[in-house]
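Below is one structure, written out as structure tokens, with a few remarks after it.
The values are calculated or read from the model by the stated rules, or taken from the named source; none is laboratory data. All figures in this text were calculated on a predicted structure; none of them were measured in a lab. Counting neighbours? That spans all protein chains shown, and the Cβs are built from the backbone with ideal geometry, glycine included.
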Amino acid sequence: MSSTLPSNVSQFETAKPPRKQGPAFGGIVITVILALALVAIIVVAVTRLSSGNLSRPSAAATSTTSTSPAQATAAAGAPADAATAAAIQQVIAQVDAAQTQAIQTSNPDVMAATATPDFYQEQVATNQELLAAGVTDIKLVNIEWGPITVNGDTATATNYETWSTTFSDGTTEQSRDRNVYTLVRDNGTWKVLSDEHPDQTQNSP
């Protein structure tokens, strides 16, 4: 009687078959190639970043973007002719007079005729701040005119305004400030779009 294994499986069947040799070398080569390609892509990306091609916009570019269209258009304008300059000066003088009247009468409506809706709202807010600070009267003492430029229906005018401010305690202060006005022509009439104070450090009328 022939001997058998504990599992009754013949010795021939229990012998391990020889291991097949796969294409191991070829797989390693492909892996190395892919790794080298990845390294090359990373090197190119780092090089582009260091050269500045992917950097953020500079401060100058950001400043240019934030400039309002009206101011950018007016800045490229030509000096206004005598008639146009006189009309613009008159409108600005009316804006100043209207603000004085609005403070004296507590009626902001008088400022609407010579201002765009947005600038009118700014004037209303400014007057409210002045009144809250105890201002009882403001007076335009003098205007010194600077350059006035026009480009189509947009204009800029620079002047130096001297104001006298009276407070509820009877004290009076006087200040001189540079103003840069931007105006737009609406149905043939110039209106103030904005009034910037480049040299101003404190609020003034």
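Tabulated data
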item: Condition check for Ala113: within 26 Å of Asp81 (Cα to Cα), assigned to a loop (DSSP other than H, G, I, E, B) and either in contact with a Pro (Cβ under 8 Å, 6 or more places away or on another chain) or not basic (Lys, Arg) (or both); result: yes
item: Residue match in the range 72-87 (condition: at pLDDT below 50 and surrounded by 15 or more Cβ atoms within 10 Å (Cβ to Cβ)); result: yes
item: Scan of the range 127-138 for residues that are in contact with a helix residue (DSSP H, G or I) (Cβ under 8 Å, 6 or more places away or on another chain) and either among the basic types (Lys, Arg) or assigned to a helix (DSSP H, G or I) (or both), ordered by number; result: Asn127, Leu130, Leu131
item: Set Thr149, Thr154: member being closer than 15 Å to Thr114 by Cα, assigned by TED's automatic domain parsing to the domain that holds Thr105 and in contact (Cβ under 8 Å) with a residue 60 or more places away in the chain; result: Thr154
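Listed here are the residues, each with its yes/no results for (1) loosely packed, with under 15 Cβ neighbours inside 10 Å; (2) within 28 Å of Ala78 (Cα to Cα).
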site: Ile103; (1), (2): no, no
site: Met111; (1), (2): no, no
site: Phe119; (1), (2): no, yes
site: Gln128; (1), (2): yes, no
